[in-house]
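One structure below.
The values are calculated or read from the model by the stated rules, or taken from the named source; none is laboratory data. Remember, predicted model here, so these are calculated numbers, not experimental data. Don't worry about glycine lacking a Cβ; one is built from the backbone with ideal geometry, like all the others, and counts go over all protein chains shown. Keep in mind that these areas ignore ligands, DNA and RNA; they rest on the heavy atoms of the full protein, side chains included. Shrake-Rupley method; radii C 1.70, N 1.55, O 1.52, S 1.80 Å.
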2 protein chains.
Amino acid sequence: MAKEYLRAVPLKDVEVSDRFWAPRLERLRDITIPHLFNMLEKHGYFNNFKLARDKAREGYSGTFWMDSDLYKVIEASAYVLAKHPDPALEKQVDEVISLIASAQMPDGYLNTYFQVVEPERRWTNLRDCHELYCAGHLIEAAVAYYEATGKRNLLDVAIRFADHIDSIFGEGKRLGYPGHPEIELALVKLWKVTGEKRYLDLARFFILKRGTKFFAQEHNIPPEEYDGTTLQDNVPIKEQKEIVGHAVRALYLMAGATDIGRESGDEELLQMVQRVWRNATERRMFITGGMGSSSHNEGFTRDYDLPNLTAYQETCASCAVVFWAHRLALLYGDAKYVDVLERALYNGALAGISLKGDRFFYVNPLESKGGYKREEWFGCACCPPNIARLLASLGNYIYAQSEDSIWVNLYVQGKANVELKGGKVNLELIGDYPWDGHILLSLHPSQPFEFSLYLRVPGWCKKAEVRINGKVQEKPSVEKGYILIKRTWKEGDKVELDLLMPVEKIVAHPEVKEDVGKIALQRGPLVYCFEEEDQHAPLQLIYLALDGEFKPKWESDLLGGVVVLEGEGLASDGVDWKDELYKPASIRVKKVKVRAIPYYAWDNREPRGMKVWMPLYPQAMWE
Amino acid sequence: MAKEYLRAVPLKDVEVSDRFWAPRLERLRDITIPHLFNMLEKHGYFNNFKLARDKAREGYSGTFWMDSDLYKVIEASAYVLAKHPDPALEKQVDEVISLIASAQMPDGYLNTYFQVVEPERRWTNLRDCHELYCAGHLIEAAVAYYEATGKRNLLDVAIRFADHIDSIFGEGKRLGYPGHPEIELALVKLWKVTGEKRYLDLARFFILKRGTKFFAQEHNIPPEEYDGTTLQDNVPIKEQKEIVGHAVRALYLMAGATDIGRESGDEELLQMVQRVWRNATERRMFITGGMGSSSHNEGFTRDYDLPNLTAYQETCASCAVVFWAHRLALLYGDAKYVDVLERALYNGALAGISLKGDRFFYVNPLESKGGYKREEWFGCACCPPNIARLLASLGNYIYAQSEDSIWVNLYVQGKANVELKGGKVNLELIGDYPWDGHILLSLHPSQPFEFSLYLRVPGWCKKAEVRINGKVQEKPSVEKGYILIKRTWKEGDKVELDLLMPVEKIVAHPEVKEDVGKIALQRGPLVYCFEEEDQHAPLQLIYLALDGEFKPKWESDLLGGVVVLEGEGLASDGVDWKDELYKPASIRVKKVKVRAIPYYAWDNREPRGMKVWMPLYPQAMWE
């Protein structure tokens, strides 16, 4: 490492106590985690491990990547346990870990599908069969559980499997890389927790070999007939110019490449990452921060192709945007990455789980004609445990630090303990974000000492005011999107930040043909949507006016408490075109009260119509 | 004939004296006709006939349908001569006719291309080689010249050729029909002028056989590989549901089918014609009345595919719309057909010729980014003589009659002599149409007698008032779009008609994706366009407002005298999007005076940008 990068202030040192996230984390513990364990039981996940343990050859249930879902539930549980000791949950997890360990083969191999169904075909189809993907989730769960509890039970299983994989793949060994990236991220974590550089080297191998068209070789496809785009195997990775193919795979791959670029100082790799990031966020991201335009490839299509009704925006992809953006934010200390992280977290990702915590979206459209709703589980159940592990690890995303600086990235009320070179700092953040833009930060250093405090000015915020101990800072220093306050801090110092948070009418780039003539509402980090239920006219007949005013209003009894946006729209009578091809424009609209709710909260009532992007009058005549 | 249909009051009995058409007809005589003869000379048309006469086998110039252009120039000249005796022109035409006659073969065959270039291949490729098409134009020219001058010189040539064709094709003879319909219309005219029913039968044969996939047979194409859509040979003609393929061919075919349906009382054929008419005018017609969406097939594509910049709208197709609509108007006595006729005549067709009369459009887009302009001639020169023959025959389209009724279809100032069963009527029409909606009609019957007068209420007119000898008719009888006045008319009776003619903002059916969020301006029968030259901001940055007011203003020195429409638009600063994918809607538009001119008059100054369909604000933000 050539220089000191930022690192996250870890989960265990951060408290969350606001009225937005704290109840969500509580429901995550009380409802979501038990629900996930129930689903694992109900759908045969544990049984698969028992079959593998018993060397059975029949009875396997589900897809061949089933193990990964279970590992992700363990990982989510680990993040919960990191902050909230819960002997019953810990016992439950330990039992599952014992089961997992009992299924591991003497050589370290562990994959219940291959052990039960196709033992002779291990490592023969990296492209399709998710062995390395499942291994990655095992490792991530193991690291999380070790960090949360100090227990090595799952970590040792993961290390044995990682060593087995390392004995097979790598320089001078077999060529290969996963059809679904994930293990790259996991191996970097395993390296950090064990200090064993082989894991980092193996991760780098998987990343840097990508695009050498190994999958064509693995499947005997003539090069001229091979198009590896869906699996990001189309060009050598450093030559990638756009984000392509399956969205979750592409985003995990880029997160992994960011890790490898950071840890090995590979500037060429990082240039590729930044190029692809720009393409992803400037051309291929939904306003909700999610990605993946088409169900056809569960992924990317072409620049500015961002459909609403058929948006794929898999919940896992929104999680992956957070994972990748977080790595870039720590690497470059630039708030623009946190802007995307926040957008994906509060909108695309958060919509993936119901308010109650036991129903999930796999696909997150930006428009519904009604009838589309969250499910308790899926045949391909990657999303429910993914959103669970993301939310359970929320604490990781709030602060970052270096030796002598603290970055405040997300304005989540709570506390944090940060250890700097010059001393310890206890931070207390009070605020009602995302509903309100007023933030109060109290600092309690162990003794007065100098350090830098970086306060993120969100990209959505046009005007921010900062006061130190009540005194307005007229022209605060701003660096990479953060207000920088470098001073000797002393006990009880107070920093107030006012982020102006008006309702914004957002337009999309004109090349986004789906959204031409439409606006979306955003306030603070929250993207809003219009649900049929809240309107006084059929949703498809409602239009907004560009100069229409929207006012925020707190509704404590609605959807767990939300700020709704209230305003006036126009409802057309629904023009009857009959057979005319051309006719004089007739204006037949009436004013109608309209109300928008945060996108994350949709489909928590009857699954009726929903729209994020609303047409502007005078289009009223055409629909 | 089962019933008496309407017939046109013929050209020779109609005078045109208004300030809109009269100067155009004068320029047609003084400039266009001489220009056309010059072009024929310059491009070797006469020489081709000399080569054929001399039985030469070398030296032919141009396409294989060259003869037809020359015939159409004769036809246009004939219409001119019908109203304006001109010994010099008549002499010139007679000389050309002598040349034509000298080239005719002893068996009646006459086609300079085949005679000079491929004599052995006569009638071997009806699909591509236009022999029947050229014959059709010969016949139409011959009939017109005979009717104008009483001379049989060209008629006898045409009859000999028609007899030759009749000896080859027909029931019990050879199967065949033209790749490019046209002869069907001509043979019906020849039947009417000669009384020889064989010509009608042959026309019916060509029409009714169409769609039997003769072209597949002619070119040895296996049926399963044959798609005859471009040439309307895809299904038996009575099964046609939509207007398909090459636009001019499709429209000539439908005009021919209308003739045959009318003359043979074939209701099944007429039902097809009406079905296809509805498809054509309700789904596939430009606002300017022209047709043909794509240059690819010079024709139709799919419903509501009506592009602006790439509109094909061949001038010949607009002429063909007039031909077909006129036949339907006479067949059904319904003003709705005249609405389309008028739309095509005053807009799509009239745009095909420059104001001066010596430059022509082949393709008529509804939008130009600049640089597109009329030409003096074309390698495929079908359009210049077609628009010339249409305009020269304008008188044919103004009135229709039956035994006891007169229909006023176009409000063109002038006079007409109509012979009814009960007596003769001299009509005088005074008005400033299309600039003004006030019409004064004076009737001069040979003696007082009863007949019906049908006054068309144009489809564009929302409010019409009629007065008889100064007395307002409170609730006039209306039949098929005409105000019907049945009474005993006497010398000097006056009928005044006031057609309310406001500026209308027209929208297109929402399925016309090209025009969503746009409006076009129309006043009376004229569709307007915006030329860059008249604006105070770059055309591509100008938007109209739905509630913006436009006022008509007569400009005598502009474009030969036009009513322009003046109003206020909005010009955007041209939003710079840089790299943002989403951003708050910023309104940066300023009001700007805008001015529209009639579409027909565009490109008579510098060939700069032009738009018929203008985007509405608030789209301003997106472009």
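In whole Hz and in residue order, list the ³J(HN,Hα) couplings for segment B:231-244 that follow from phi through the Karplus curve 6.51 cos²θ - 1.76 cosθ + 1.60, θ = phi - 60°; x for Gly and Pro. Calculated HN-Hα couplings, in order: 9, 6, 10, 7, 9, x, 3, 6, 9, 4, 10, 9, 7, 10 Hz. Backbone amide hydrogens, once placed in the peptide plane, bring A:Q232 within less than 5 Å of A:H246, excluding anything fewer than 5 places away on its chain. Think of the axis that spins chain B onto A; the B residue whose C-beta lies nearest it, and the distance in whole Å, is B:G517, 3. Within chain B, which DSSP H helices have Cα atoms that stretch 15 Å or more along the helix axis and a mean Kyte-Doolittle hydropathy of at least 0.5? Once both thresholds are applied, what remains is B:87-103, B:153-168, B:183-194, B:315-332. Each Lys or Arg adds one and each Asp or Glu subtracts one; over the other residues with Cβ under 12 Å from the Cβ of A:L231, this totals -1.
Summary for B:D94: label point 7 Å along Cα→Cβ; distances to the equivalent points in the other copies, ascending, 12.2 nm.
If both residues of a DSSP beta bridge must be in chain B, then about 95% of such bridges are antiparallel. Loop-located trypsin sites (Lys or Arg not before Pro) across segment B:379-422 with a Cβ neighbour count of 13 or fewer within 10 Å are B:K421, with loop assigned by DSSP. Here segment A:475-513 and segment A:1-59 have alpha carbon centers that stand 32 Å from each other. To the nearest 10, the accessible area of B:K356 is 120 Å² with a 1.4 Å probe.
Rounded to whole numbers, the Karplus 3J(HN,Hα) couplings from phi for segment B:557-567 are 9, 9, 6, x, x, 9, 7, 8, 10, 10, x Hz, using 6.51 cos²θ - 1.76 cosθ + 1.60 with θ = phi - 60°, and x at Gly and Pro. Taken over chain B, the alpha-carbon convex hull comes to 167 cubic angstrom per residue.
Taking 14 Å as the straight-line reach from the Cα of B:K578, the aspartates and glutamates in range (excluding those fewer than 8 positions away in the same chain) are A:E282, A:E511, B:E623.
In this structure B:M614 has an accessible area near 0 Å², from a 1.4 Å probe over the protein heavy atoms.
At a probe radius of 1.4 angstrom, the accessible area of segment A:401-499 per residue rounds to 43 square angstrom.
So for B:R359, A:R160, what's the accessible-area order with a 1.4 Å probe, most first? Present the calculation step by step, with values, prior to reporting the outcome.
Details: B:R359 90, A:R160 110 Å².
I get A:R160, B:R359, largest accessible area first.
For B:A186, neighbours were defined as the other residues whose beta-carbon sits under 12 Å from its Cβ, and their charges (Lys and Arg +1, Asp and Glu -1) total -2.
At 25 °C and 0.890 mPa s, what whole-number value in µm²/s does Stokes-Einstein give for the translational diffusion of the protein assembly as shown, with Rh from the Kirkwood sum over Cα pairs? Spell out each step's value before the answer.
Values: Rh = 35.9 Å.
Here the translational diffusion coefficient equals 68 µm²/s.
Here the Karplus relation 6.51 cos²θ - 1.76 cosθ + 1.60, evaluated at θ = phi - 60°, turns the backbone of segment A:434-446 into coupling constants of x, 7, 9, x, 8, 10, 10, 10, 10, 10, 10, x, 4 Hz, with x for every Gly and Pro. Counting every alpha-carbon pair across segment A:326-407, the share separated by more than 23 Å comes to 34%.
Between B:N409, B:A464, B:L441, the Cα set farthest toward the positive side of the dipole of segment B:401-499 (charges on each charged residue's Cβ, about the Cα centre) is that of B:A464. Close amide H contacts of B:R523 (hydrogens built in the peptide plane, cut-off under 5 Å, sequence separation of 5 or more or a different chain): B:E504, B:Y528. Checked against a 23 Å cut-off, the cross-linked pairs A:K583/B:K336; B:K462/B:K490; B:K463/B:K490; A:K83/A:K415 give Cα-Cα distances beyond that limit for B:K462/B:K490; B:K463/B:K490.
Given the pairs B:K72/B:K192; B:K518/B:K593; A:K42/A:K209, which span a C-alpha to C-alpha distance of over 28 angstrom in this model? Don't jump to the answer; show the numbers that get you there.
Working: B:K72/B:K192 19 Å; B:K518/B:K593 18 Å; A:K42/A:K209 39 Å.
Checking Cα-Cα distances, A:K42/A:K209 exceed 28 Å.
Chains A and B together bury roughly 3300 Å² of accessible surface, counting both sides and using a 1.4 Å probe on protein heavy atoms.
Accessible area, 1.4 Å probe, largest first: how do B:T212, B:T281 sort?
On the way: B:T212 70, B:T281 15 Å².
Result of the area sort, largest leading: B:T212, B:T281.
Relative contact order for chain B: 12 percent, from Cα pairs under 8 Å spaced at least 6 residues apart, divided by residue count.
What is the local net charge at B:K553, summed over the other residues whose Cβ is closer than 15 Å to its Cβ (Lys, Arg +1; Asp, Glu -1)? Walk me through the numbers on the way to the answer.
Working: positive: B:R523, B:K551, B:K593, B:R595; negative: B:D432, B:D436, B:D534, B:E549, B:E555, B:D557, B:E566, B:E568.
Summing Lys/Arg as +1 and Asp/Glu as -1 gives -4.
Label-to-label distance for B:E491 and B:S295 is 6.2 nm, based on points extended 7 Å past Cα in the beta-carbon direction. Working note: 222 nm ellipticity from helices only, DSSP H runs with n ≥ 4, each -39,500 (n - 2.57), summed and divided by the residues of chain A, gives -10500 deg cm²/dmol to the nearest 500. Take the alpha carbon atoms of segment A:364-410, find their center, do the same for segment A:526-559, and report the distance between the two centers in whole angstrom. A separation of 25 Å, based on Cα centres. How big is segment B:401-499 by the Kirkwood estimate over distinct Cα pairs, in Å? One over the average 1/r among Cα pairs gives 13.5 Å for segment B:401-499. Run the numbers on segment B:503-621 and let me know its relative contact order in percent, using alpha-carbon pairs under 8 Å that are six or more apart. Relative contact order, segment B:503-621: 35 percent.
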